[in-house]
Amino acid sequence: MFIGLRETPMTGISYKRRRFPATVIQHAVWLYFRFTLSLRDPEEMLAQRGVAVSFETIRAWTVKFGPKIAANLRRRKLPPSPRWHLDEMVCKIGGERVYLWRAVDDEGEVLALVVHKRRDTRAALKLLKQLLCSQPVEPESIVTDGLASYGSALRALGREGVHRPGRLREKNRAENSHLPIRRRERKMRGFKSPASAQRFLETHAAVYNTFNMRQHLLSRGALRVLRVGSESVWNSAVALPLQACREPCKNVESQSDILSRQFRPSALTWPATTGRASANSVAQ
């Protein structure tokens with residue numbers, strides 16, 4: 001879903017003392033969190049553009065700059081819908097069974113998530129406290145499954161009036177929101193630790209909210225407008241200098257323009273052609 005431009009101060013991101021330009025780092029981080037890729041996939045994609053960087057370097061970039069970019073993206077997003085859906089999913093981390101508690105609104109925007117070892121009232125209360133403290137709107141309804149822990153946690157917070165225990169179709173929004181996480185989990189061959197899973201999923205959620213658009217409900221013209229807006233938000237979150245972070249974003253350059261200027265086809269060296277292609281070129 002498109003994230004609007006709020007006039008909110010952002011934290012400046014410094015790329016000093018790095019071997020590669022800031023545009024390369026930003027593009028690698030964007031590729032990794034935007035699409036269902038492993039760390040070796042951005043390595044191959046950058047190598048095709050003439051940038052030789054290892055997957056370990058890309059991993060270090062995602063760990064260092066990913067949370068900072070996600071924090072800037074969260075500062076720029078508009079208030080979500082007041083109709084929330086809560087659900088939990090089972091994950092295997094380090095051979096142990098843990099639960100990923102997630103909250104989304106009725107448009108699919110990820111609001112909060114917590115990685116916890118238990119499926120009880122304490123974990124549900126932790127999710128609800130984080131959710132209520134981080135969102136600027138009051139919930140009109142909170143749809144959950146039949147787990148009794150949700151009711152106990154909401155009663156402890158005095159919010160039992162907005163609780164809507166759902167069944168079947170009423171849970172579809174929360175259940176469908178797990179699909180991107182399952183795809184990333186399979187691609188990454190599982191999460192390595194609860195802390196790394198929490199860090200990755202928070203960054204992934206911020207990027208997902210920025211570029212998630214329900215294309216089946218939009219015309220091509222509206223889709224182009226929303227994509228340009230999402231790119232502007234991303235560029236303002238990653239590329240603002242320290243002294244300009246408190247100013248509104250104006251005339252932000254798109255990611256494709258930055259990369260086309262940084263990686264010109266004339267600067268790349270291609271291997272010599274062999275076989276029939278070389279013979280045709282000689283004949284011409």
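Among the residues of segment 140-159, those identified as part of a loop (DSSP other than H, G, I, E, B) and either at pLDDT 95 or above or farther than 15 Å from residue 87 by Cβ (or both) are 140, 157, 158, 159. In this structure, does residue 206 turn out to be modelled with pLDDT of 80 or more, crowded, with 16+ Cβ neighbours inside 10 Å, among the aliphatic types (A, V, I, L, M) and closer than 30 Å to residue 94 by Cα? So residue 206 passes the test.
When the test is whether a residue is within 17 Å of the chain's Cα centre (by Cα), crowded, with 16+ Cβ neighbours inside 10 Å and not polar (S, T, N, Q), residue 88 does not pass it.
There is at least one residue in segment 160-173 that is over 18 Å from the mean Cα position of the chain (by Cα), modelled with pLDDT under 95 and among the small types (Gly, Ala, Ser). Of all residues in segment 169-207, those that are of a type outside the set (D, E, K, R), within 15 Å of residue 62 (Cβ to Cβ) and not in a loop (DSSP other than H, G, I, E, B) total 11. From the list 135, 130, the one residue that fits, being within 22 Å of residue 237 (Cα to Cα) and not assigned by TED's automatic domain parsing to the domain that holds residue 211, is 135. A residue that is assigned to a loop (DSSP other than H, G, I, E, B) and either surrounded by 16 or more Cβ atoms within 10 Å (Cβ to Cβ) or modelled with pLDDT of 95 or more (or both) occurs nowhere in segment 56-76. Within segment 171-189, the set of residues being of a type outside the set (Asp, Glu), farther than 13 Å from residue 36 by Cα and in contact (Cβ under 8 Å) with a residue 12 or more places away in the chain comprises 171, 173, 174, 176, 177, 178. Pairs are defined by a Cβ separation below 9 Å, a sequence spacing of at least 6 or placement on different chains, a first member in segment 28-39 that is within 13 Å of residue 64 (Cα to Cα), and a second member that is part of a loop (DSSP other than H, G, I, E, B) and of a type outside the set (Phe, Trp, Tyr); the pairs so defined are 28/51; 28/53. The conditions of being of a type outside the set (A, V, I, L, M, F, W, C), closer than 30 Å to residue 97 by Cβ and either assigned by TED's automatic domain parsing to the domain that holds residue 59 or at pLDDT 90 or above (or both) are not met by residue 221. Note on segment 91-111: among residues that are small (Gly, Ala, Ser) and closer than 19 Å to residue 128 by Cα, the one that is farthest from the chain's Cα centre (by Cα) is 103. Looking across segment 106-139, the residues that are at negative phi and in a loop (DSSP other than H, G, I, E, B) come down to 106, 107, 109, 117, 118, 119, 120, 135, 136, 137, 138, 139.
Among the numbered conditions (1) surrounded by 15 or more Cβ atoms within 10 Å (Cβ to Cβ); (2) within 19 Å of residue 70 (Cα to Cα), the only one that residue 195 does not meet is (1).
Answer yes or no: is there a residue in segment 20-33 that is surrounded by fewer than 17 Cβ atoms within 10 Å (Cβ to Cβ), more than 14 Å from the chain's Cα centre (by Cα) and closer than 17 Å to residue 188 by Cβ. No, every residue in segment 20-33 fails to be surrounded by fewer than 17 Cβ atoms within 10 Å (Cβ to Cβ), more than 14 Å from the chain's Cα centre (by Cα) and closer than 17 Å to residue 188 by Cβ.
The values are calculated or read from the model by the stated rules, or taken from the named source; none is laboratory data. On a predicted model such as this, the values are computed, not experimentally measured, just so you know. Note that each Cβ is placed from the backbone with ideal geometry, even for glycine, and that neighbours are counted across all protein chains shown.
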